[in-house]
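The values are calculated or read from the model by the stated rules, or taken from the named source; none is laboratory data. All of these numbers come straight from a predicted model, not from anything done at the bench. Here the Cβ is made from the backbone with ideal geometry for all residues, glycine too, and neighbour counts use every protein chain on show. Remember, those area values only see protein heavy atoms, side chains included, never the ligands or the DNA or RNA. Shrake-Rupley method; radii C 1.70, N 1.55, O 1.52, S 1.80 Å.
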Amino acid sequence: MRVGVAPGRPALGDLAHTATPSWRRPAVVAGVGVIALAVSLLAGIAFGSVSIPLGDTVAILAHRLLGWPVAVTWPASSETIILELRLPRVLMAMFAGGGLAVAGATMQGVLRNPLADPYVLGTASGAALGASLAVLVPIQLGVLGLGLTQLLAFIGAVVAVALVWRLSRASRLGSLTGLLLTGYAVGSLLAAGLAMAMVLSGAQLRQIVFFLLGSLATATWQQVAVAAPLITVGVAVLAWRARALDALMLGDETAAHLGLAVARERVILLACAALVTAAAVATCGLIGFVGLVVPHMVRLVVGPAARPLLPLAAIFGAAFLALADLLARLPGELPVGIVTAVIGAPFFLLILRHVRTGYEL
Amino acid sequence: MDRSPLPTPSRSDRKGFSVSAVGLVVALVVGACAAGGSAAPVTSSPIPASSSTVAATPSPSPSPEATQPSFPLTITDDEGTSVTIPAQPQRIVSLTPATTEELFALGEGSRLVGDTDSDDYPVAAKSLPHVATFQGVIMEQLVAAQPDLVIAGGDGFTQPADVARIRALGIPVVVIYAATVPAVLTDLRLVGEVAGALPAAAAMTDAMQTRMDAISALAAAEPTHPSVFYEIGVGPDIYAPAQDSFVADMVTRAGGVPVTTGDPDSYTIALEKLVLADPQVIVLGDYDYGTTVADVLKRPGWEHLTAVVDGAVRPVDDTIVTRPGPRLADGLAALALAIDPALVLPADLLPAATPVPSPS
C-alpha cells in the first residue's frame, strides 16, 4: 500500500502525523454518514410510487411500531404499504448496500486491485447460474420464506468462490494473480452456463433478466430476517479483522514479516466477503456499482486504512443503495442498477476531480 | 354474428350444445376439443343447416355451473392452487390483458380497480390505474388499489414471486394459463365464475364455441390445407410457434398445417429448418410490431420459400389471434382468412372488431 499526498510518498508511520482537515476525520465522516442513513431511512419509508400523507406515515409507525394510542384514520392498505412493503425494502437495501460496499473494500484490499468488486471471484456468475437453474426447475420450494431462486443463488455464489479458491491453489502463479485469473476463468464458464440456461428458459427468460438487473422490489421481512444476520456477522468479522487487511495490503512478504498468517487471514477475509456478497445477491439480484465505487469514495476522503474504511463503507453503502432504490421506485419501478450507476458515476467523477488525497492499492 | 344465446345448457364447458336465439339448433360434437391439445379441428355442422335438427344428450336445461356461484367460493386455479374467495369480489385487479378484456365484455368493467400497462382494449382499460408493467407488479400500487381479488397470468406472465407476495399479503390470487383453445374457453368461464358473473361468461363462451366451431368447419371443408408459418417475430432469431402450442392450435383450427419449432419448449426455429419446411403461407403475426410484407421479401435466404414465391405473405392482427380473451373467435376468423383469402365466411362469422390490416 502506498499512501501519499503527491508527489512524495510518506511511509505509513508519517500518515498519523499528517495534518488532516477536520471534515476528513473518520468520526466526522461517520457522523455525516449516520445522518445520511437516517435521512434515507425516513425518506425511503415516507415516499414511494403511491403517495401516503406524511401524517399517516408517522401515525402508522407510532401506532404499530411504538404502540402509541393513535386513532386509526388511514386505510388498511397504507399500513400494508408502509410496514410490509417499504420498511423491509429499505432495510434490505441498507443491509445489501452496506454489505456489498464492505465486501468490495475487502476484495480490493485482499487482491490489491482497485477494479476488484464483490463479484470478482465468481459470486455473480455463480449466483446468476443458481437463480436461472431455479427458474428452469419447475419445483415450488420454500425454506424460511425464501424461494428456490434465492436458495440456489446463495449456494451458487458460495460454491463458485469455493471452487475458485480451490482451483487457484493448484496454480503456480503468484497467489493473487492465480486467484484473479482463476476467478475470471470460472466466471466465464459459469456465464456460459447462464447463457445456456437463458436460451432454454423460454417464457421464463424475463425472470432471469430481472435477477441480472437486480431489484429490491421483492424484499420481504422473511428475506431481511435471513439475509441481515448473515451480512451483519460477515461485516462484523471483516471489521474485526481490519488490521489483517491493512497488513495484506502491504504485500504478502511484508505482512508475513509483521507476523501475519497470510494464507489463513486471506481465507477468512475472502470467505466473509463471499458470504456477505452471496446473502446480498441471493435476495436482491446483481446490484452493481455499490461494491466497486463506495469503497473508493470513502478512501478518497479518509484514506485507505481499513479500520475506518470498513465501517464507513458499510454506512455509506447502506445510505447510497437505500437512496438509489428510492429514486428507482419513484417513477414506477426502474432496475436499481441503472440508478446506482447514473447517480453514482458522475458523483464519483466529481470526487475524483476535487479530492486532493491520493492512494494506491 | 349471434351474440344472444340464452345461458346455454352445457354439462361441461368443453362438451355440450348451444341453442341460438333464432331457434336454429346447431349440434356440436366438441369431443375433439376435450382431448386437450388435440390438433384436429372441431367437427361440426356449419350454420345454418336446417330449421330443426339433432338434439342429442343432454337435454337443454340450465346446467348447475351456469348459475351464479355462491361465496365463499373455493376453486382450483390453472397452477393447481386452491383459492378461496370469501365474498363476491367488488374490487378486482386484472394482471392479464385477456382478463381485463373479458371483465369489460361481461359488463363488469366497473369492478376493475387496476390492470397492467399493456392492457389496451377496450379503451377504458387504458385509463385504469396500471399496477403492473412488463417488469412486474408494482406492489405498492397494487396494495393501494385495495383489491379483494387479483387475477394473474400463469407460465411466468405474472412473475411467480409477485403472485406469492400478493398471496402473502392476504389477497386471493387466481392464476390463469391456457395452452390450448379449449382451455381458453374454460379459463374465460373460470374468470366469470370467480368474478361472480358465471351466467354471462357461460353465455359468452358458448357463443364463442359455436362461432369457432363453425369457422373451423368451413376452413376444414376447403379443398387444400396449406402449411403455414405463423411469424411471431424475426430479428435476428426466427420466432415460431412451439410444437403443440396455442398458436399452432389456432393455425390448425383455421385450416392450416402449422410449421412449428418441433419442440414444445422452444420458440425459435433455424432458418434451415424453415426452408426445409417450406411453408406455403406466411402469416405475419409481427405486422402490428412493424414487420411489413416487403421486409419479408427482402430477407436473404427467404426468396425461394414457396410462400414468398407465390406472394402468400399476409398480415394478421396478432392481438386477437393470440390473446386468450373474448375476441378469440374474431382472431380465428381473421387467421382463417389470412391463411386462405378465398375462404367465404358468413357475415356472422367474420371478425367483428378489427379488420385485417392491409399490407403496406
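What the table below lists for this structure:
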{"read-out": "Local electrostatic count at B:ALA195 - Lys and Arg +1, Asp and Glu -1, tallied over other residues with Cβ under 10 Å", "value": "-2"}
{"read-out": "Share antiparallel - DSSP beta bridges, the stretch B:222-345, percent rounded to 5", "value": "30 percent"}
{"read-out": "Farthest positive-ward along the stretch A:27-354 dipole, Cα basis, beta-carbon charges - from A:LEU260, A:PRO308, A:GLY44", "value": "A:LEU260"}
{"read-out": "Average partner coverage of B:293-301, which counts Cβ from other chains inside 10 Å", "value": "0"}
{"read-out": "Alpha-carbon Debye profile of the stretch A:27-354, log10 I(q)/I(0) at 0.07, 0.10 Å⁻¹", "value": "-0.29, -0.58"}
{"read-out": "Cβ-defined net charge surrounding B:LEU332, 9 Å radius [Lys, Arg +1; Asp, Glu -1]", "value": "+1"}
{"read-out": "Residue-level accessible surface for B:HIS225, protein heavy atoms, 1.4 Å, Å²", "value": "80 Å²"}
{"read-out": "Local electrostatic count at B:ILE138 - Lys and Arg +1, Asp and Glu -1, tallied over other residues with Cβ under 10 Å", "value": "-3"}
{"read-out": "For B:HIS130, distant residues with modelled amide H under 5 Å away", "value": "B:ASP115"}
{"read-out": "Spacing of the two label points (7 Å from each Cα toward its C-beta) at A:VAL137 and B:ALA294, in nm", "value": "5.2 nm"}
{"read-out": "Projected label distance in nm at A:TYR184 and B:GLN243, using a 7 Å step from Cα toward the beta-carbon", "value": "4.3 nm"}
